[in-house]
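So the structure is just underneath, and the comments pick up after that.
Since every read-out is calculated from the coordinates, none of them should be taken as a lab result. Just so we're clear, the structure is a prediction, and the values are computed from it rather than from any experiment. All Cβ positions, even for glycine, are placed from backbone atoms using ideal geometry, and neighbour counts span all protein chains on display.
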Amino acid sequence: MADLLLALDVKGKSEAVRVAGACTGEVDAIKIGYPLVLSTGLGIVKDLAKAGIPIIADFKVADIPNTNSLICEEVFGAGCSGIITHAFCGHDSLAACVDAAHDHGGVCFVVCEMSHPGALDFLTGENAERMAGMAKAAGADGIIAPATRPERTAILRDIIGTSMKIYSPGVGAQGAQPEDVKKYVDGIIVGRAIYESADPKSAAHEFRVRAR
Ligand code: BMP
């Protein structure tokens, strides 16, 4: 049984509030990222938080430890409850995000393997497995692993065990189905298949039921 996370990659406050409002009660968290925040500013977090749904900031943080800490301060100060970071900058950069998240009572998820075809150039195989080990050693709350390659997500699950969560993108527009991956993960991430739907609430409801 997996949760449903809405990837709210729309542009502008009114569209974000419309889709988030429609999906209230159907999604367990909202993932925001550069498309929305660059078009509205980080103040959008407060607007979305009114719906009472946890907001996870997908900024795929990838810098030196000090800069990562500064980014996390802004994210959690704005009202987000989670951050998504990369691991390839090394253990100290990763620790900066994990520590900042925990200092603010939030959670930190680590990208290990990505869902798109180009991930096979680098963000897969031994690199992904090593980063899963790094995420575990750093005390991260979970990892990001692809619904498009469930067999890879199963391998990453074996590395991190069951005390950490896996959130999995790639369902819907990227071709994966909830049923492909739900037994390996704690949440599926769905964007376009919900927010581009004529009826986002019904689309979210259907994904939620299928993820269960
Ligand atoms: P969509 O369902 O529209 O494909 O959106 C997927 C979301 O998950 C996007 O926000 C994307 O940036 C994110 N994502 C992904 O698709 N694959 C990854 O490996 C990691 C991601 O964060």
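When the listed pairs LYS50/LYS182; LYS50/LYS183; LYS60/LYS165; LYS31/LYS165; LYS11/LYS165 are checked against a 21 Å cut-off, the alpha-carbon distance exceeds it for LYS50/LYS182; LYS50/LYS183; LYS11/LYS165. Mean silhouette area of segment 114-165, derived from the convex hull of its C-alpha atoms and averaged over all directions, reads 3.2 nm².
Taking other residues whose beta carbon is less than 13 angstrom from the beta carbon of ASP58, and scoring Lys, Arg as +1 and Asp, Glu as -1, yields +1. The simple spin-label model puts a point 7 Å past each Cα toward its Cβ; for THR67 and ASP28 those points are separated by 3.3 nm. Note on segment 1-116: semi-axes of the ellipsoid equivalent to its C-alpha gyration tensor, largest first and rounded to whole Å, are 24, 15, 13.
Size descriptor for the chain, Kirkwood hydrodynamic radius: 16.9 Å (Cα pairs only, one decimal). Along the axis of the charge dipole computed for segment 70-212 (Cβ charges of +1 for Lys and Arg, -1 for Asp and Glu, origin at the Cα centre), the listed residues ALA100, TYR184, CYS72 are led at the positive end by TYR184. If the segment from GLU15 to HIS116 were pulled out straight at 0.36 nm per residue, it would be longer than the present Cα-Cα gap by 33.8 nm. Modelled spin labels at GLU74 and ARG212, positioned 7 Å past Cα toward Cβ, are 3.9 nm from each other.
Considered as an equivalent ellipsoid built on the Cα gyration tensor, segment 69-123 has semi-axes of 24, 12, 8 Å, the largest given first. Taking the Cα centre of the chain as reference, the dipole from Cβ charges on Lys and Arg (+1) and Asp and Glu (-1) amounts to some 500 debye.
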